[in-house]
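Reviewing the structure listed below.
The values are calculated or read from the model by the stated rules, or taken from the named source; none is laboratory data. In this text, all values refer to a predicted model and were calculated from it rather than measured experimentally. Neighbour counts run over all protein chains shown; Cβ positions are idealised from the backbone, glycine included. Only protein heavy atoms, including side chains, enter the accessible area calculation; ligands, DNA and RNA are left aside. Shrake-Rupley method; radii C 1.70, N 1.55, O 1.52, S 1.80 Å.
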Amino acid sequence: MSLGRRTNRVLRALLGAAAVAAALFASMLVWYATAELPAAALPLQFSIKPGSSLRGATQEMERAGALRRPELFVLMARLLGVARNVKAGNYELVEPVTPYRLLQKIVAGDVTQAAIKFVEGSTFRQMRATLDEHPDLAHTTRGLADEEILQRLGIQEPSAEGLFFPDTYYFASGSSDLRVLARAYRLLQSHLDTRWAARASDLPFATPYEALILASIVEKETGKEEERPLIAAVFINRLRKGMLLQADPTVIYGLGERFDGNLRKRDLLADAPYNTYTRVGLPPTPIAMPGLASLTATLNPPASEALYFVSRGDGSSHFSRTLGEHERAVTKYQRSGRR
């Protein structure tokens, strides 16, 4: 066979292989573009910041669990000529979508306009009031008992307190308040699971829920952000030693609507499930919604020998290792201090 014929045969083979490869790649891209993304985490939200590139947008979507195989998503957008048309904003997915439909959504700027904010340290009762007052929500939980809400969400815990993450949630007008609660619950579980997996060794918690309880106390006790880790360390040291936590916020929570703004000595002496002046260990449930900083401080506290702290009256606290030092600090800063 002549060299020319052999060369032509090789070229035809290469062209055929290239055509087959191109067809296979095109088929794969079509399959990717039209296959529904996993819906296990729905509903979910993500934000695209102003000025974000397509690659930056895909990173946000992947981080939120809205997208897989971002490199194929970028390629699809470029082939369709819309890679530069991504719109900034807050997005919500309430049902399964394909990558192609997701691309259409962020190119069209199909954003959510309404928002609701839950503040760190709020109770579930306060959270429900915020939901009930929001004009853009469908109020499907209004009038329901807390237990019924947990049942509808499929949550097995004995109390709704502390189970929802304080954050700002974006949603389409007319969305169900139950849907917002479901998202807040999943986000709390995600943060708690992540920090539980990376927790420090020898912590006095048998379960993540116990850590959540203490994090809620740390949230309510913190006056200054920079002191949060030390406050967590004090409570953990006391738990390790079997000491009473003596946390005023737990007593106040136990009093409920009976609390009139003045915590009295008789309140501290009256035994009750949430009275950490009379009962050793943690109260039965969280007492508020802890934020990310409190969860982190509780599960990775700094090394400290402090067992006491007392407010200086300016939002900061004085930390002490011994009872004698603590009593002197109480005399100096509060005179009638209790811890």
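Laid out as a table, the results:
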quantity: Kirkwood estimate for segment 185-265, i.e. one over the average of 1/r between Cα atoms, Å; calculated: 14.2
quantity: Mean projected area (nm²) of the alpha-carbon convex hull when segment 220-329 is viewed from all directions; calculated: 7.2
quantity: Length released on extending from residue 269 to residue 138, taking residue separation times 0.36 nm less the Cα-Cα span; calculated: 42.8 nm
quantity: Equivalent ellipsoid dimensions for the chain as semi-axes, Å, which come from the Cα gyration tensor, largest first; calculated: 54, 24, 17
quantity: Amide H partners (placed H, <5 Å) of residue 122, local residues excluded; calculated: 289
quantity: Convex hull volume per residue for segment 60-118, taking Cα atoms only, in Å³; calculated: 94
quantity: DSSP-loop GluC sites (Glu not before Pro) across segment 285-327, with at most 11 other Cβ within 10 angstrom; calculated: 305
quantity: Which of 111, 94 is most accessible, then next, and so on - probe 1.4 Å; calculated: 94, 111
quantity: Proximal aspartates and glutamates to residue 87, defined as alpha-carbon separation beneath 17 angstrom and excluding residues fewer than eight positions away on the same chain; calculated: 60, 62, 110
quantity: Compactness relative to 2.2 N^0.38 Å, alpha carbon Rg of segment 76-185; calculated: 1.29
quantity: Virtual paramagnetic centre 7 Å along Cα→Cβ of residue 258, amide N under 20 Å, in segment 270-297; calculated: 270-280, 283-288
quantity: Solvent-accessible area, 1.4 Å probe, carbon plus sulfur percent, for the chain; calculated: 52
quantity: Overall Cα dimensions of segment 98-153, principal axis frame, Å, largest first; calculated: 41, 23, 21
quantity: Gain upon complete extension [residue 129, residue 94; 0.36 nm per residue less C-alpha separation]; calculated: 10.2 nm
quantity: Point-to-point label distance, residue 197-residue 321, nm (Cα→Cβ direction, 7 Å offset); calculated: 3.7
quantity: Segment 112-179: trypsin sites (Lys or Arg not before Pro) in DSSP coil with no more than 13 other Cβ atoms inside 10 Å; calculated: 142
quantity: Residue-normalised accessible area of segment 64-200, expressed per residue, 1.4 Å probe, Å²; calculated: 49
quantity: Helix-only CD estimate at 222 nm, as mean residue ellipticity for the chain, using -39500 (n - 2.57) per DSSP H run (n ≥ 4); calculated: -15000 deg cm²/dmol
quantity: Ratio of the Cα radius of gyration of segment 30-139 to 2.2 N^0.38 Å, where N counts its residues; calculated: 1.22
quantity: Compactness relative to 2.2 N^0.38 Å, alpha carbon Rg of segment 132-213; calculated: 1.26
quantity: Cα centroid of segment 280-305 to Cα centroid of segment 48-108, whole Å; calculated: 37
quantity: R0 of 41 Å, Cβ-Cβ distance residue 304-residue 104: FRET efficiency to nearest 0.05; calculated: 0.15
quantity: Projected-area average for segment 157-303 over all orientations - Cα convex hull basis, square nanometres; calculated: 10.0
quantity: DSSP H segments from the chain that extend 27 Å or more along their own axis, Cα-based, with Kyte-Doolittle mean of 0.0 or above; calculated: 3-34
quantity: Segment 259-321: radius of gyration and largest Cα-Cα distance (Dmax), Å; calculated: 14.4, 37
quantity: Surrounding net charge for residue 155, when Lys and Arg each add one and Asp and Glu each subtract one, Cβ distance under 12 Å; calculated: -3
